[in-house]
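To keep things clear, I will list the structure first and then write my remarks on it.
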Amino acid sequence: MRTDSSPGTLPAREHLPAGDAGTPVLDVVIPVYNEEKDLQPCVLRLHEHLRRTFPYAFRITIADNASTDTTPLVSRRLEAEIPEVRAFRLEQKGRGRALRTVWSASDAPVLAYMDVDLSTDLNALLPLVAPLISGHSDLAIGSRLARSSRVVRGPKREFISRAYNLILRGSLHARFSDAQCGFKAIRRDVAQVLLPLVEDTGWFFDTEMLVIAERAGLRIHEVPVDWVDDPDSTVHIVKTATEDIKGVWRVGKALATGALPLDRITRPFGDDPRDRDVQDVPKGLARQLVGFCVVGGLSTLFYLLLYSVFRQFCGSQIANALALLVSAVANTAANRRLTFGVRGRGGAVRHQAQGLVVFGIGLALTSGSLAALDAATSDPAHSTELAVLIAANLAATVLRFLLFRAWVFPERDENPSRSTVVTTHTPTTTPATTRSATPAYGTQQPYASQQPYAPLQPYAPLPTRPTANHYATAPHTPYNRQSPYNRQSPYDRQPPYNRQSQYTGQPPYTPQSPYDATVPSQPARSSDTGTDTGTDPRNS
C-alpha cells in the first residue's frame, strides 16, 4: 500500500496534441565553452537533421558558458542567419547552471540537450523525445551501456564510465544504466518542479537530476545510441571525478535523512497502476513475502542458536519451548515494523498477543515433530534433532505468514478516498513565508519554504514546421526583430529571461528559491572553476 504524504504536484501524463504553428515543441540546448571551432558545424548539422526528420516545430538554443574566445560571435551570427537558432549568454561557467537557466525559461513542452561534439548519432533524437511527446515517460536518456548500443572509445574512458555507474548503483541504488551521456530530454512540466531540487551546477547535474526523478517514481526512458568518442576533450577528469564523488555523498545523505521532498514531484492517483484499487488483487504481497522471508531466515538462525544454548542445561522440549518463545517475540516485532510497515506503539501489545497464538501453533508443530522423533529412536543425534526442527519450522513458517497477513496485521483501507480515480489535480498552495521543520538539503534554504509552482495551463496545440520545399526554395534571411524570436522572447538578454511566466502570469521562482531569476549574478561554485567544455569529461 502506498503511504505517500501528498498526492503530488504533477498532473497525469498526457499526449501532447498536434495543431497549429506557434510555440516550438522541442528546444534543444547546446551548452558550450570556448567552442568556436566546433559550434557552427554542430548547429548546421543539427538544424539540417531536425528540418528533414522532426515532424514538429523546433528550436536550437546555444548556451554559452562564459566563453573567452569568439564563441559568442559565432553564436550571434548563427542566430541572425537561422530563424530556429537562439543564442544565450551566461557570465558564469557550469553545464548544470546553463541547462537549468535555459530550461527554466523555455516555453517548449519538451526540452533536450546534447554535447557540441555530436558524439551521439542524431538518428536517436526522435526516439529520445517521442516517449515524452506521447506522454509515456517523464525523462529520456541516451545510453551507451545498453546491449544494442554501438560505442567506439578507448579502454580508459570505458573503465571510467562503467566504474562511475557501478558506484551509482551501489551507493544510490540507481537503476538507469548511463548517467553522464550528453544526450537527454525532459518534459517542461516535470522540469519546473524537478530543477529547483537539483543543487549541482556542473557535471554532476545530470546524475543528481536522474536520481531524484527515479526516487520520486518518475518514469525514465532509455534509448540505445551509437556513440563515437571525442579524443580532444581537455577537461580535468580527476578533479571532475572528485566533485562527482562529493555529489554522490551529498545526495545519498539527503535521501537517507529525508531532506528531499520527493512527494513534491510524484504523480497523482490514476497515473501509477500500482495505486489503483483493483478487487481481488492483494496489495504489496511480493514485498511482504520478501520481507517475511528475510525476517524468518534471521529468526530461524536466532532460534537455532538459542536452542543450542538452552539444550546444554535442559531437555529438548523445554529448550525448544524457550527458544521458540524468545524468537517468536522478536519475529513478531520485526515483521510488524519491517514486513507490514506498522509504525508506533499503538496495538503493539495486541499484536504480540496474537503473535503468541501463532507461536503456540508453531510450538505444536515442532513439539509434535520432536515427539515423533523420540518415539522413533530412543537417543537421536543432535544433528538429527536440528534437521527435524528445520523441517517443522518451514511448515510453521508458511502458516505463520498467512496468519500474520490475514489476522495479526490485516490490510486496512486507511484512506477510502484513494479508491476514487482523480481526474483533476490541484497543487497545494503554501504561503511563501511558511517554514518547515524538514532539514535543509545542502546549503540551500529548506524546500518547504519555497512557494510551490502555480499549476500549468494545458499546452497549446503542437505547431507544425514548414515543409521541406520551403527550406529548399527560401534562402536564410537575416535576423528580423519582428520575427517570432523578437526582443519579447523569454530568452532576451535584458533581463536573461522574463520573470513573468507566460503560462501562469506568476513568477517562475519566488525569492526563497535557490535558483531565482538572477542566475547570472550568482557566485560561481568551486566546481565551476575548472576547464569546462561541451563534452562530458568522463564520457560516462
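In region 27-89, taking the dipole from charged Cβ atoms about the Cα centre, the farthest positive-side position among Thr53, Val43, Pro72 is held by Thr53. Spin-label pair Ala381-Lys246: with each label point 7 Å from Cα along the Cα-Cβ axis, the two points sit 6.2 nm from one another. Shown for region 104-172: the carbon plus sulfur share of the solvent-accessible area, taken with all protein chains present and a 1.4 angstrom probe, equals 60%.
Fully extending the segment from Glu81 to Arg45, taken as 0.36 nm per residue of separation minus the present Cα-Cα distance, adds 11.5 nm. Over 22 Å apart at the Cα level, from the set Lys93/Lys246; Lys93/Lys156; Lys93/Lys239, are Lys93/Lys156. Applying 1/(1 + (r/R0)^6) with R0 = 22 Å to the Cβ-Cβ distance of Leu285 and Leu399, what FRET efficiency is obtained, to the nearest 0.05? With R0 = 22 Å, the Cβ-Cβ based efficiency is 0.85. Packing, taken as the mean count of other beta carbons within 10 Å per residue, orders the peptides 300-311, 145-156, 331-342 from highest to lowest as 331-342, 300-311, 145-156.
Accessible area of Val193 (1.4 Å probe, protein heavy atoms only, ligands and nucleic acids ignored): about 20 Å². Computed over protein heavy atoms with a 1.4 Å probe, the accessible surface of region 291-369 works out to 50 Å² per residue.
Taking R0 as 60 Å, what FRET efficiency do you get between Arg52 and Arg337 from their Cβ-Cβ distance, rounded to the nearest 0.05? After rounding, the FRET efficiency stands at 0.50. Once both labels are positioned 7 Å from their Cα atoms along Cα-to-Cβ, the gap between Leu356 and Val326 label points is 1.8 nm.
Leaving out ligands, DNA and RNA, what percent of the accessible area of region 299-360 is carbon and sulfur, probe 1.4 Å? Carbon and sulfur atoms account for 70 percent of the accessible area of region 299-360. Please give the solvent-accessible surface of Glu35 in Å², to the nearest 10, using a probe radius of 1.4 Å with every protein chain present. Accessible area, nearest 10 Å²: 20 Å². The residues of region 113-205 have, on average, 33 Å² of accessible surface per residue, using a 1.4 Å probe with all protein chains present.
Label separation (Lys156 vs His136): 3.9 nm, computed from points 7 Å beyond Cα along the C-beta direction. For the residues His221, His47, His382, a 1.4 Å probe over the protein chains yields an accessible-area ranking, largest first, of His382, His221, His47. Rolling a 1.4 Å probe over the protein chains gives Trp103 an accessible area of about 10 Å².
Available extension along the chain between Ser171 and Glu91 is 25.4 nm, counting 0.36 nm per residue and deducting the alpha carbon span. Counting only residues at least eight positions apart within a chain, or on another chain, there are no lysines with an alpha carbon under 18 Å from that of Lys37.
The values are calculated or read from the model by the stated rules, or taken from the named source; none is laboratory data. In this text, all values refer to a predicted model and were calculated from it rather than measured experimentally. Every residue, glycine among them, receives a Cβ derived from its backbone with ideal geometry; neighbour counts consider all protein chains shown. Only protein heavy atoms, including side chains, enter the accessible area calculation; ligands, DNA and RNA are left aside. Shrake-Rupley method; radii C 1.70, N 1.55, O 1.52, S 1.80 Å.
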